Amino acid sequence: MMLTHYLPFRVITQSVVFNDETFAFCQLLFEKDGEYYTCQKAERQPASASRLLDLFAEASVVPHAFYRTPVPTTFACTQARELEPHMYLKVAEPLTYSKENTLTAAEGITDDQLREFRACEVLLQNPHPNICRYYGYLPSANGDYIRGLCFERHETLLFDAVIAGAQFPPSFLDGIHEALEHLHSLGYAHNDINPGNIMISKAGEPILIDFDSSLPLGLKVKKGKSPGWEYEGRVSAEENDLWALAKLREWIAGKRE
């Protein structure tokens, strides 16, 4: 992601696309006022600020159907009152969009958000101190779509802290174990335990985040597994989480592949 804070839009990605190992084009994704725009450029090198302005002028709007999830009617939904400074808004971004994409990719994006939405509504009624607090969803301007899901904001990711040199005993993850036991008691598994899905609170406690892989126990896992943390199971199961937690305890102790 480029640091272009002085531009009237955000540059989300500049992705290089190859055709038979030969450079084909660079796909750009922009965001402005909640809308996403995309275009392609022939040059491979990063674009200058003036070039980005020209490319944005040529960009086309990403169809809403590709990444916006309709507000579901099959279960009770909690609407957050507003986005406050202590909240983080998790949005679905059309990172994989191109004009050549089919709706299969779109369904994957919206399915992930809907899966997390459903699990978080269960957790809202059954909170746990080591599970990131969920406040509800924010609707789109017309009220028909999910703008994003609101969570309590935490600044430090466990992965980043460890890579930066912070040290934690394996017992640091006892709170995550308790959080998983709580989640399992509700009939769900997380299915994506890894150091990128655990935050550290200001009080120094581990906080479990990211529930877009969470499903009721026994259902087939829909989302791809995180590289390096691929468990053997193909269904949502307590074993998936416990295997990853054991591996995570070894990881923070310095035993890494």
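The values are calculated or read from the model by the stated rules, or taken from the named source; none is laboratory data. Not measured: the values here are computed from a predicted model. Don't worry about glycine lacking a Cβ; one is built from the backbone with ideal geometry, like all the others, and counts go over all protein chains shown.
Are any of the residues in the stretch 101-112 closer than 26 Å to S201 by Cα, assigned to a helix (DSSP H, G or I) and modelled with pLDDT under 95?
Initial filter on the stretch 101-112 (closer than 26 Å to S201 by Cα): 112.
Checking which are assigned to a helix (DSSP H, G or I) leaves us with 112.
Subset that is modelled with pLDDT under 95: 112.
Within the stretch 101-112, one or more residues are closer than 26 Å to S201 by Cα, assigned to a helix (DSSP H, G or I) and modelled with pLDDT under 95.
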(message) Which count do you get for residues in the stretch 18-39 that are of a type outside the set (V, I, T), without any contact (Cβ under 8 Å) to a residue 40 or more places away in the chain and assigned to a strand (DSSP E or B)?
(response) 12
(message) Can you find a residue that is basic (K, R) and either loosely packed, with under 11 Cβ neighbours inside 10 Å or over 21 Å from T110 (Cβ atoms) (or both) anywhere in the stretch 54-68?
(response) no
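For every residue, the table says whether it meets (1) without any contact (Cβ under 8 Å) to a residue 40 or more places away in the chain; (2) among the aromatic types (F, W, Y); (3) closer than 18 Å to R118 by Cα.
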{"residue": "H184", "(1), (2), (3)": "no, no, yes"}
{"residue": "N191", "(1), (2), (3)": "no, no, yes"}
{"residue": "G204", "(1), (2), (3)": "yes, no, no"}
{"residue": "L208", "(1), (2), (3)": "no, no, yes"}
{"residue": "G224", "(1), (2), (3)": "yes, no, no"}
{"residue": "R234", "(1), (2), (3)": "yes, no, no"}
{"residue": "E238", "(1), (2), (3)": "no, no, no"}
(request) Could you check, for the stretch 229-238, whether at least one of its residues is outside the structural domain of D112 (by TED's automatic domain parsing), assigned to a helix (DSSP H, G or I) and crowded, with 16+ Cβ neighbours inside 10 Å? (result) yes
(message) Against the conditions (1) outside any loop (DSSP other than H, G, I, E, B); (2) crowded, with 19+ Cβ neighbours inside 10 Å; (3) of a type in the set (A, V, I, L, M); (4) under 21 Å from the mean Cα position of the chain (by Cα), where does A92 fall short? Just the number, please.
(response) (1)
(message) Whether any residue in the stretch 32-41 is among the hydrophobic types (A, V, I, L, M, F, W, C) and not assigned by TED's automatic domain parsing to the domain that holds A119 is what I want to check.
(response) yes
(message) Residue under question is R51, and the condition is that it be in contact with an Asp or Glu (Cβ under 9 Å, 6 or more places away or on another chain), surrounded by 11 or more Cβ atoms within 10 Å (Cβ to Cβ) and closer than 24 Å to V221 by Cα; does it hold?
(response) no
(request) Report, by residue number, each residue of the stretch 193-215 that is modelled with pLDDT under 95 and among the acidic types (D, E). (result) D212
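The rows are residues; the columns are (1) at pLDDT below 95; (2) surrounded by fewer than 16 Cβ atoms within 10 Å (Cβ to Cβ).
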| site | (1), (2) |
| --- | --- |
| Q125 | no, yes |
| Y137 | no, no |
| G143 | yes, yes |
| R147 | yes, no |
| L158 | no, no |
| A161 | no, no |
| A166 | yes, yes |
| G175 | no, no |
(message) Looking at the structure I just gave you, is R133 in contact (Cβ under 8 Å) with a residue 12 or more places away in the chain, touching a Pro at 6+ places or on another chain (Cβ under 7 Å) and outside the structural domain of L208 (by TED's automatic domain parsing)?
(response) yes
(message) So, in the stretch 27-75, exactly how many residues are at pLDDT below 90, more than 20 Å from V17 (Cβ to Cβ), over 20 Å from the mean Cα position of the chain (by Cα) and aliphatic (A, V, I, L, M)?
(response) 1
